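Right, one structure below, let's go through it.
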Amino acid sequence: MKVIGIVGSPRKGGNTDILVKQALTGAHAAGAETAVIYLNDMVFQDCQGCGYCKGTNVCRLKDDMYPVYEDLISADGLVIGSPVYFGQMTGNTKSFIDRWYALVNPDFTSRLPPGKKVVLIFPQGDANPSMFEGMATHFEITMTFFGLEVTEIIIAPGLLAAGEAQESEELMRRAFGAGKNLAE
């Protein structure tokens, strides 16, 4: 089994990074091969809406997103994390998901092989865990559109300073368990 972590935060060592890596540690403990992708290290354009991918099955933009398509296709599971910025996922996370348009057939069925699972992780500064539930629900619906089974959504409220997540035994346990369950 192969599980890929996607970190949509610009802060390495921040709460999103910590929780995604903890989930990957859980997946590895269950026997999965793991890797992490930092969206902030990639150089890629937004989806151009050109439709090229509908006639050719590939995106016409040959940027850092191009090899990630193969990772998305070959992975059995994903852990996608983004901090909540002003009520939404980060801009680079949204742009990353928009580029998944190249993984959609002309009839709007997914080109991703069936059976993939995903864990979603959303650290947020607001202490109210339900404050941005609508954004998390929308992201979950997007993942199911692509045929992924969302096995867990972790909303991590009240995290402002980089690294605070690792001080919470409950969050670390929950992220580890989510990754482990993803790989089992």
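Report yes if LYS94 is without any contact (Cβ under 8 Å) to a residue 12 or more places away in the chain and under 23 Å from LYS12 (Cα atoms), otherwise no.
Working: without any contact (Cβ under 8 Å) to a residue 12 or more places away in the chain: yes; under 23 Å from LYS12 (Cα atoms): yes.
Answer is yes for this residue.
Does at least one position in the stretch 70-77 carry a residue that is open to solvent by 40 Å² or more (accessible area, probe 1.4 Å) and either at pLDDT below 95 or part of a loop (DSSP other than H, G, I, E, B) (or both)? Please lay out each step first, then the result.
Filtering the stretch 70-77 for residues open to solvent by 40 Å² or more (accessible area, probe 1.4 Å) gives 70-71, 73-74, 76.
Filter again for either at pLDDT below 95 or part of a loop (DSSP other than H, G, I, E, B) (or both), leaving 76.
Yes: the stretch 70-77 contains one or more residues that are open to solvent by 40 Å² or more (accessible area, probe 1.4 Å) and either at pLDDT below 95 or part of a loop (DSSP other than H, G, I, E, B) (or both).
Please list, ordered by first then second residue, the pairs with beta carbon atoms under 6 Å, 6 or more apart or interchain, first in the stretch 130-149 and closer than 18 Å to ASP98 by Cβ, second of a type outside the set (Gly, Ala, Ser) and exposed (fewer than 14 other Cβ atoms within 10 Å of the Cβ).
Sorted first by the residue in the stretch 130-149, then by its partner, the pairs are GLY147/PRO114.
Within the stretch 113-122, is there a residue that is open to solvent by less than 50 Å² (accessible area, probe 1.4 Å), part of a loop (DSSP other than H, G, I, E, B), at pLDDT 95 or above and of a type in the set (Phe, Trp, Tyr)?
There is no residue in the stretch 113-122 that is open to solvent by less than 50 Å² (accessible area, probe 1.4 Å), part of a loop (DSSP other than H, G, I, E, B), at pLDDT 95 or above and of a type in the set (Phe, Trp, Tyr).
Identify, please: which residue in the stretch 91-107 is touching a helix residue (DSSP H, G or I) at 6+ places or on another chain (Cβ under 8 Å) and assigned to a loop (DSSP other than H, G, I, E, B) and is, among those, farthest from GLU33 (Cα to Cα)?
Among those that are touching a helix residue (DSSP H, G or I) at 6+ places or on another chain (Cβ under 8 Å) and assigned to a loop (DSSP other than H, G, I, E, B), it is PRO106.
Taking interchain pairs and intrachain pairs at least six residues apart, which have beta carbon atoms under 8 angstrom, with the first residue in the stretch 1-20 and within 12 Å of ILE37 (Cβ to Cβ) and the second of a type in the set (Lys, Arg)?
Close Cβ pairs satisfying both conditions: GLY5/LYS21; ASP17/ARG11.
Within the stretch 31-58, can you find the residues that are farther than 16 Å from GLY81 by Cβ and crowded, with 17+ Cβ neighbours inside 10 Å?
Taking the stretch 31-58 first, the residues farther than 16 Å from GLY81 by Cβ are 31-33, 43-58.
Residues satisfying the conditions are ALA32, PHE44, CYS47, CYS53.
The values are calculated or read from the model by the stated rules, or taken from the named source; none is laboratory data. Owing to the predicted nature of the structure, the values given are computational and were not obtained by experimental measurement. Neighbour counts run over all protein chains shown; Cβ positions are idealised from the backbone, glycine included. Each accessible area value is taken on the protein alone, full model and side chains, heavy atoms only, with ligands, DNA and RNA left out. Shrake-Rupley method; radii C 1.70, N 1.55, O 1.52, S 1.80 Å.
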